[in-house]
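Comments concern the structure below.
Since every read-out is calculated from the coordinates, none of them should be taken as a lab result. Remember, it's a predicted structure, so these values are computed and weren't measured experimentally. Note that we place each Cβ from the backbone using ideal geometry, even for glycine, and neighbour counts take in every protein chain shown.
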């Protein structure tokens, strides 16, 4: 390499210097630690005993126990030591764990049905929102629709105020329609909120796909719907994945409507978790266990779709 | 293979009329080019023939059958797009076989047809490649393959060479014409590049502002332009226009051009005095001291075999194509002599060519 070339790399505007790279790397790691630490703390707390969980100074090293998880999944009653001594010997490890604290298991807790509710409502509304959003976005992107701009603005305008602002009317409406505390009601509500986001995001993605692709398919013998399914959708996968994640995160985490509209049958995890705190003292390990469980599906979903997500979020920034 | 007939075809989008009332026939096996500047309606016309756009008025007939409102898929026509529109999620072979798959053909038969098509285009070795790895020319061949594999009634091509670089475009022009000669399919080719149209087409339709200005062979369009627009659009540099005012009488073989008499092809129509233009191609100008028009040399552009010399005259700037050996001094005053039998006359008001012995029988759109 010539002297001139060496000098030019030292001042390159494309390649960062090793020092800059190290600094940038350090910043990224610092940020990761700051964001991941609370999560790790929750995961750890789930394995602590109740006294370790509230110990001061906080315990980083502790003896792990599954009590938090056992408490999360069961309902227990407090008994006198005499009564417990008279019982037949415990059949399972969790019976034993509970009896040490002078309690017996009375039955399973509601966490599993609540978790199933969250899964059904979260994924159901995400699927519906993305499905409807894709069809609407395709139509807006490809067809001459009268008043298209006004319609798009109207769709967006549904997101201009916080959804909770209409909580009371929706509550009254749901009561009339017998939709309160039903999974269908929650799916419809979350779909309604998400579909505007889905239409706008997906329209951007579909606009980027040249129409020639589906026109070629139309000329070659496909119907409009076949062309959409076999030609447009495979290319919009990135956008659909990104949109699905955004929609799922919203409906998965939604708290205000869930508190207001569900209390039993259709209750989701967000209103259920604080409910755990109230049961027999502040059971932080059980809350942490519930939170850990609650985070898992979103993390898995995001990890599964991550290769689409990175391109999805920055779409349009760089043309392929 | 098929004959395509367009009758009074019109297309408007809201206030804007993209194509207005053109009527023409594309004969079976013809390589038909639609040529014009961007926004002239050539692509819209093509898309209406394909069924990707519905006309506002008029009819499209394929082999005598009215297909105006048939779905694109029902017309048995292949379309080649400027951006090739190769599906990025399929490899070359799958792309070529796609139209057959749409028709539900058996897999083995598809494979045979794809092989055969690839052999014809000399891209057999690429069948299992990803389309994103191909060069521009190979992409173009794959796009053509996808069009050919179905053996459609007609090929419609929308600036298929527009995305290629100049050198390659020239090569592909040759290949396309060669391919057409082998399979003899009716081809409608849309382009804004006159060289592509001139070098490949049997017939050229020159379009402007939604109207077909002229339809003819490349020679007709070049030698006997039907309007000032065609004369100006085709040829590089374009035809020179020298304005004058005067009347014309059928049978005359000369016109009064300002103060002089100029020999022209025999005039075939009578005209009251009106603003007219004398059209002369750069290659039909000679420098001669006795020339009817005098001017001062403004500049010369050397092109290898010829040179383009621009001359400022009293009637405007004129470009002349001279042998590159001719020595020309800038600023020198010279006389221009025109080849009388190649001159054209136009009515400036309407832009139309005036009928003369050389511009007789020109087909307007």
Response to the item:
One would report the Cα pair-distance distribution of region A:50-109, bin width 10 Å, in %, as 20, 46, 27, 7, 0
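Under the rule a/c < 1.5 gives rounded, and otherwise a/b versus b/c splits prolate from oblate, where does the protein assembly as shown land using the Cα gyration tensor?
prolate
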Response to the item:
Rounded to the nearest 10 degrees, the helix A:284-304 long axis (Cα) sits at an angle to the longest Cα principal axis of chain A of 20 degrees
Response to the item:
With only helices counted (DSSP H, runs n ≥ 4, each -39500 (n - 2.57)), the per-residue ellipticity at 222 nm for chain A, to the nearest 500, works out to -21500 deg cm²/dmol
Fill in: A:191, A:158, A:74 arranged by Cβ crowding within 10 Å, fewest neighbours leading
A:158, A:74, A:191
Worksheet, complete the sentence: Quick calc, residue B:181 & residue B:274: beta-carbon distance into FRET formula, R0 51 Å, rounding 0.05, result 0.65
Fill in: Efficiency of FRET between residue A:277 and residue A:253 - r from beta-carbon atoms, R0 22 angstrom, step 0.05
0.75
Worksheet, complete the sentence: Checking A:21, A:59, A:48 against a Gaussian network model of chain A (alpha-carbon springs below 10 Å), the top fluctuating residue turns out to be A:21
Worksheet item: What is the distance in Å between the Cα centres of region A:204-251 and region A:100-123?
Response: 40 Å
Worksheet item: Which shape class, rounded, prolate or oblate, goes with region A:1-153 when its Cα gyration tensor gives a ≥ b ≥ c as root eigenvalues, a/c under 1.5 marks rounded, and past that a/b bigger than b/c marks prolate?
Response: oblate
Worksheet entry | residue A:37 versus residue B:103: modelled label distance in nm, points set 7 Å from Cα along the beta carbon direction | 6.8 nm
Worksheet item: Among rounded, prolate and oblate, which fits region B:107-204 when a ≥ b ≥ c are the square roots of the eigenvalues of its C-alpha gyration tensor, a/c under 1.5 means rounded, and a/b larger than b/c means prolate?
Response: oblate
Fill in: Candidates B:150, B:169, B:271, ranked by Gaussian network fluctuation over chain B, Cα under 10 Å, top entry
B:271
Discussion item. Tell me the angle of helix B:92-102 to the major Cα principal axis of chain B, expressed in degrees between 0 and 90 and rounded to the nearest ten.
Written reply: 80 degrees
Worksheet item: Which distance in Å, rounded to a whole number, links the C-alpha centroids of region B:1-37 and region A:145-178?
Response: 47 Å
Worksheet item: What FRET efficiency do you get for residue B:236 and residue B:27 if R0 is 25 Å and r is their Cβ-Cβ distance, rounded to the nearest 0.05?
Response: 0.30
Worksheet item: Could you list, bin by bin from short to long, the percent of Cα-Cα pairs of chain A in 20 Å steps?
Response: 23, 43, 27, 7, 0
Practice prompt. Choose one answer from A:193, A:33, A:237: the residue with the largest mean-square fluctuation in a GNM of chain A with alpha-carbon springs under 10 Å.
Written response: A:33
Worksheet item: How much length is gained if the chain between residue B:14 and residue B:74 is pulled fully straight, taking 0.36 nm per residue apart and subtracting their Cα-Cα distance, in nm to one decimal?
Response: 18.9 nm
Worksheet item: Fewest to most neighbouring Cβ within 10 Å: what's the order for B:280, A:14?
Response: A:14, B:280
Practice prompt. Using Cα centres only, tell me the gap between region B:131-186 and region B:213-291 in whole Å.
Written response: 38 Å
Discussion item. 7 Å from Cα along Cα→Cβ at both residue A:299 and residue A:63: what's the point-to-point distance in nm?
Written reply: 2.7 nm
Practice prompt. Could you work out how far apart the two model spin labels at residue A:17 and residue B:250 are, taking each label as a point 7 Å from the Cα in the direction of the beta carbon, and quote it in nm?
Written response: 8.9 nm
